[in-house]
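Some notes on the structure that comes next.
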Amino acid sequence: MPLSLQKVVAPLEQAEFLDHLRTRSMTFRRSSGSAPFKGVLDWTALRKMIDLGAIPLSSLRVHVRAEPVPELFYIEDGKISASKLAKLLESGASVIAVPLQPHFPALNELCADIRTSTGEEIKIGAIVSTGTDGALKLHYDENDLIIIQIEGSKRWRIFGSPVTNPVSETPRAVRPDGTPPVFDEVLRPGDFLFLPAGNWHQCDNGPELSLHVGIFFSAPTGYDMTLDLLRQVSEEDMFRVPLTRLGDPAARARAEAAIKDSLIEKIKRIPSMTARPPKPESGS
Ligand SMILES: [Fe+2]
C-alpha cells in the first residue's frame, strides 16, 4: 500500500489533521505503532542512496554544533562520500537532507497525495544527527512541518510566542531567549509532531543516532503573488530604466505614470494562486 497523508497522520483522521493545518494549531501524539516510513526511509536507506550517488550535493548540508561544515570535508571526486559522512556523524555532526522526494518514489507519491489534499507545495527531508547538540540553532520555519521521529530520540523544545504567518521577509522577531518552553518532549520512534510555521524551536539529540523525517507544507500567500509580479516586471525594460537619467521632469513624470498604469494592468491579470496546481517539488 502506498504512503499517504492518512497513513502518516493516523490515528488522527485526515480531515482532523487538515483542520490543524488550516488553523496552524500545534499537535503532538506518541507513536501509535503504525511506523508508516518503515522500509522507506531510515539511515540505512539514506546512506545507501548516498552511496549510489543518487543524492545531489545541493540536497545535503552538514552541520557541527549548529554551524555549517564546508563541503570539502564530505565530498570525494565531486560526489558526496557516504563514508566521510559516516565519520563526521561519528564525531557528532548532523546531516540535513532535503528535498528527498525526487530520489525516493514512495516519498514522491506521498507528496503527490498531500498536494492533492491541500493544493500546497510539499517537500520531504530528513535530519540525521549524533552528539548532544541539534542540527540547528534556535529558529522558526516559514513552512508548516510534520515531524516523525524514525530512529533514536530527540528533545524538542518549543518557545512562545509564535511569529504569525511568517514569510521570508518578515521582520526578524525577538528571540524568546531565557523564556521557559511551552513544549518540552523527547520524541521517540513513531512519535508525531505538527509544528506550525513561526514556532521558535530547538532540538537536542539523544545518546544515539537520531533520524527524523520532516514534511514541509508551503502555502501560497499574497507575498508570493507579489514576488511573481516582481519577477515579471524585472523582465521588462520599462521597469529597469534609471528614472533620474530621463531628460526633463516632464519626461520623468510620463515614465512614472506609464509604470503605474502598467502595474495596475498587470495586477488585474495576476492568475489565481489557489486555482493553479502547486509545483511538483521545490528545492531546499
Ligand atoms: Fe526547524
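Read the figures in this text as sums done on the coordinates, not as results from a lab. Since this is a predicted model, take the numbers as computed values, not measurements. Methodologically, a virtual Cβ is constructed for each residue, glycine included, from the backbone with ideal geometry; neighbour enumeration extends over all protein chains shown.
Neighbour counts of C-beta atoms inside 10 Å place Leu227, Leu60, Leu209 in the sequence Leu227, Leu209, Leu60, starting with the fewest.
Modelled this way, with points 7 Å down the Cα-to-C-beta line, the labels at Ala35 and Asp77 are 3.5 nm from one another. Taking the longest Cα principal axis of the chain as reference, the axis of helix 222-234 is set at about 50 degrees. If you wrap the Cα atoms of the chain in a convex hull and average its projected area over all directions, you get 18.7 nm². In degrees from 0 to 90, rounded to the nearest 10, what is the angle of the helix 249-268 Cα long axis to the longest principal axis of the chain? Tilt relative to the chain: about 50 degrees.
For the pair the range 204-270 / the range 74-141, the C-alpha centres are spaced 29 Å from each other.
Estimated from helices alone, the mean residue ellipticity of the chain at 222 nm is -8500 deg cm²/dmol (sum of -39500 (n - 2.57) over DSSP H runs with n ≥ 4, per residue).
The number of Lys pairs in the range 5-218 with C-alpha atoms less than 26 Å apart, excluding pairs fewer than 8 positions apart on the same chain, is 23. Note on the range 14-39 and the range 149-166: Cα centroid distance 14 Å, given to the nearest whole angstrom.
Taking Cβ atoms as reference points and 13 Å as the exclusive limit, the residues near Asp191 contribute a net charge of +3, counting Lys and Arg as +1 and Asp and Glu as -1. Model label sites at Ala258 and Val167, defined 7 Å from Cα along the beta-carbon direction, differ in position by 2.9 nm. Of the residues Glu151, Glu76, Glu185, the one with the fewest other Cβ atoms within 10 Å heads the list, and the complete ranking is Glu76, Glu185, Glu151. The GNM of the chain, with springs linking C-alpha atoms under 10 angstrom apart, assigns the highest mean-square fluctuation among Ser272, Ser25, Ser129 to Ser272. Packing here is the average count of other Cβ atoms within 10 Å per residue, and on that basis the peptides 119-126, 14-21, 214-221, 241-248, highest first, run 119-126, 214-221, 14-21, 241-248. Against the chain, whose longest principal axis comes from its Cα atoms, helix 105-118 is set at around 50 degrees.
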